[in-house]
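Notes to accompany the following structure.
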Amino acid sequence: MGKARGAPDARRRARRVRAGGPGKRAGSDTGTAPWADLTTIAHLSEYEGRPEARPFTREELQRFLDYADDQVERAVASKRKGALAAYRDATLFKVIYGWGLRRTETSRLDVADWGRNPAALEFGRYGMLHVRYGKAVRGQPPRRRNVPSVMAWAVEAVADYAENIRPRFGCGNHPALWLTERGGRVRPAEINSRFTAYRDALGLPAELTPHSLRHSWVTHLTEDGVDRRFIQEAAGHRCDTSTAIYTHVSGDFMNTALRKALAPALGQPG
């Protein structure tokens, strides 16, 4: 593996950034608003809400991402084949969550789909993700949208993968962000397979799917106070009702919101 043995050090740096809990809004301590200048094409999506679908809790999500990270360390420590693929998959799951993506959107990402965001220059070339294969209306081509980066730890993770790990697959001319060890593009079915293996190894509920990471992105940003319109646009939802389907906020969040709503009636500050 050669230099690949150094990869977990960079990955652990990303984990420390994430220690405050998945979903912490990037730029919250700098006064920046990465989504302030968001412009995107409205995305008309069909109903995607199944009664059994739900997001990860923050604790479940942390366990899942940490487990994916651990598989990299185990592969490197055992000096067996598969460390690069494990690193790729750990980063892939962080990107699904960090930008609220669908499986097909994720598998079709190219390196060139990342770009700068003038409202978040601290993220460099990873400030904006251009999703070119969004869910299409029947009979129409895939819908495009721009998703601003809002989680610093996720930006750090994808930058490390793209710049230090992906080149080791030896497919410099291939446009795909997620490469297989045979030089192809990772397919949605392969994302499903690895996700299921990790979920079942952790004993997490079977109703959690890769799409649950997208639900989690919507829910956690909502709980963190991110503007609702921003979430709707970045998720590619034409209507707020579609975004509402994805939102499963915690009881603590609901109680806090209720107290704020009742405060004026009770003569208390909001």
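The values are calculated or read from the model by the stated rules, or taken from the named source; none is laboratory data. Small disclaimer: the values here were computed from a predicted structure and weren't measured. Don't worry about glycine lacking a Cβ; one is built from the backbone with ideal geometry, like all the others, and counts go over all protein chains shown.
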Meets criteria (in contact with a Lys or Arg (Cβ under 6 Å, 6 or more places away or on another chain) and part of a helix (DSSP H, G or I)) for VAL76 = yes
Close pairs from region 172-198: first more than 14 Å from THR91 (Cβ to Cβ), partner small (Gly, Ala, Ser), Cβ under 7 Å, at least 6 apart = HIS174/GLY183; PRO175/ALA112; GLU181/ALA85; ARG185/SER107; ARG185/ALA176; ARG187/SER107; PRO188/SER107
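If you go through region 168-180 one residue at a time, do you hit one that is assigned to a strand (DSSP E or B), out of contact with any Ser or Thr (no Cβ under 9 Å at 6 or more places or on another chain) and hydrophobic (A, V, I, L, M, F, W, C)? If you could, list the steps in order and put the result at the bottom.
Looking only at region 168-180, we keep the residues that are assigned to a strand (DSSP E or B), and these are 176, 179.
Okay, now just the ones that are also out of contact with any Ser or Thr (no Cβ under 9 Å at 6 or more places or on another chain), so 179.
Within this subset, residues satisfying the condition of being hydrophobic (A, V, I, L, M, F, W, C) are 179.
Scanning region 168-180 turns up at least one residue that is assigned to a strand (DSSP E or B), out of contact with any Ser or Thr (no Cβ under 9 Å at 6 or more places or on another chain) and hydrophobic (A, V, I, L, M, F, W, C).
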In region 136-164, the residues that are surrounded by 18 or more Cβ atoms within 10 Å (Cβ to Cβ) and either basic (Lys, Arg) or farther than 14 Å from TRP114 by Cβ (or both) | ARG143, ARG145, VAL150, MET151, ALA152, TRP153
Among the residues of region 110-125, is there at least one that is touching a Pro at 6+ places or on another chain (Cβ under 9 Å), farther than 23 Å from HIS220 by Cβ and without any contact (Cβ under 8 Å) to a residue 60 or more places away in the chain?
-> no
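Got a sec? Which of ASP37, ASP70, ASP29 is among the charged types (D, E, K, R) and at pLDDT 50 or above? Write out each step before concluding.
Details: ASP37 fails: at pLDDT 50 or above; ASP29 fails: at pLDDT 50 or above.
Testing whether each residue is among the charged types (D, E, K, R) and at pLDDT 50 or above leaves just ASP70.
If I ask for residues that are within 16 Å of the chain's Cα centre (by Cα) and part of a strand (DSSP E or B), which ones from region 114-131 would you list? Explain how you work it out, then say what you get.
Of the residues in region 114-131, the ones within 16 Å of the chain's Cα centre (by Cα) are 114, 123, 126-131.
Passing the criteria: TRP114, MET128, LEU129, HIS130, VAL131.
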Would you mention how many residues in region 53-68 are farther than 16 Å from VAL155 by Cα and buried (at least 21 other Cβ atoms within 10 Å of the Cβ)?
-> 5
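Residues of region 202-229 being in contact (Cβ under 8 Å) with a residue 24 or more places away in the chain and of a type in the set (A, V, I, L, M), which ones? Give the steps one after another, and end with the answer.
To start, the set of residues in region 202-229 that are in contact (Cβ under 8 Å) with a residue 24 or more places away in the chain comprises 202, 204, 207-227.
Within region 202-229, LEU202, LEU204, LEU208, LEU213, VAL218, LEU221, VAL226 qualify.
Does VAL111 meet the test of being modelled with pLDDT under 95 and of a type in the set (A, V, I, L, M, F, W, C)? Spell out the reasoning first.
Values: modelled with pLDDT under 95: no; of a type in the set (A, V, I, L, M, F, W, C): yes.
No, not satisfied.
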Taking only region 199-239 into account, find how many residues are under 17 Å from ALA90 (Cα atoms) and in contact with a Ser or Thr (Cβ under 9 Å, 6 or more places away or on another chain).
-> 4
